[in-house]
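Structure, as structure tokens:
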Amino acid sequence: MAVADELSKLAELKDRGLLTESEFEAQKAKLLVGDQQAPPPTEPMVKEEKKGSPVFITLLVVAGIVFAFLYSERQLEIAPRCAL
């Protein structure tokens, strides 16, 4: 495939938002230089924060509620014996 075809595909990916400007420039440089290593991107790459799984968070909340309920029931059983 010709370099021009590859560049147009890269431009299309960038226009669709699938490549950042720095990723586009790095891939373009790699194509234009050939087998040589492309220069590092000028913009720092920012990683997205991963959010916890909703199922895992729900399980943690339910476990906390169950623990609080059981702990409060246990305190009610102990309290009358301690009040001598």
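The values are calculated or read from the model by the stated rules, or taken from the named source; none is laboratory data. Computed from a predicted structure; not experimentally measured. Reconstructed Cβ throughout: ideal geometry from the backbone, glycine too, with neighbour counts over all protein chains shown.
In region 2-21, what count of residues is obtained for those that are exposed (fewer than 10 other Cβ atoms within 10 Å of the Cβ) and more than 11 Å from L31 (Cα to Cα)? Total meeting the criteria: 2.
Put simply, of A38, A29 the only residue that is in a loop (DSSP other than H, G, I, E, B) and either at pLDDT 90 or above or surrounded by 12 or more Cβ atoms within 10 Å (Cβ to Cβ) (or both) is A38. Between a residue in region 1-18 that is in the same structural domain as L31 (by TED's automatic domain parsing) and any residue that is of a type outside the set (D, E, K, R) and surrounded by 12 or more Cβ atoms within 10 Å (Cβ to Cβ), which pairs come within a Cβ distance under 6 Å, given they are 6 or more apart or on different chains? Note: pairs meeting the criteria are V3/L31; E6/L31; L10/F24; L10/Q27; L13/L19; K14/F24.
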